[in-house]
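Heads up, the thing below is written out as structure tokens.
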């Protein structure tokens, strides 16, 4: 597996992975309307360009296929962390996360924060995050539950 920094050429594959992962991996935690609203975020070209241009983007690939990606915004906010539906439970999220955490430590950040889906919550808890609050996010008129989480970096 290769882990490298992302670039604009990765955007189509990132957006596809984002949509496919939400559709298949999150179906036990969110209903069809919630999934459709959430994955519609892949259509926001401006948002994805902002991510690739202004955040640290880390990509994992195996045999030329993107297996996951993670982004770090403003040095301490994990904005996106997605692993391909066919590569779940193989340590990819952990490897991507550890890369991001190390980068935050190099930057002398004191904590990491993330807005985490119900599906991703157990992973973030295993990585040492704690829930600050449960949130309701409205996307296209549909409420989705998630969690504001943080981890102190000591």
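Just so you know, all these numbers are worked out from the coordinates, no wet-lab data involved. Every value quoted in this text rests on a predicted model; they were computed, and no experiment measured them. Because the Cβ atoms are built from the backbone with ideal geometry, glycine has one as well, and the counts that use them run over all protein chains shown.
Descriptive notes on the structure:
- Distance-filtered residues of the stretch 66-94 - backbone nitrogen under 16 Å, label point 7 angstrom along residue 54 Cα→Cβ: 71-80
- Annotation: the residues 38, 48, sorted from fewest to most other C-beta atoms within 10 Å of their own C-beta, follow the order 48, 38.
- Computed over the chain, Kirkwood Rh from alpha-carbon pairs, angstrom: 15.7
- Computed over the alpha-carbon atoms, the stretch 1-82 gives an Rg to Rh ratio of 0.97, Rh here being the Kirkwood radius from the mean inverse distance.
- Relative contact order of the chain, pairs being alpha-carbon contacts under 8 Å that are 6 or more residues apart, as %: 21
- Pairwise label distance in nanometres, residue 133 with residue 32, each label 7 Å out on the Cα-Cβ vector: 3.4
- The length gained on full extension between residue 63 and residue 1, counted as 0.36 nm times the residue separation minus their Cα-Cα distance, comes to 21.6 nm.
- On full extension, the segment bounded by residue 47 and residue 102 gains 17.3 nm, given 0.36 nm per residue less the C-alpha separation.
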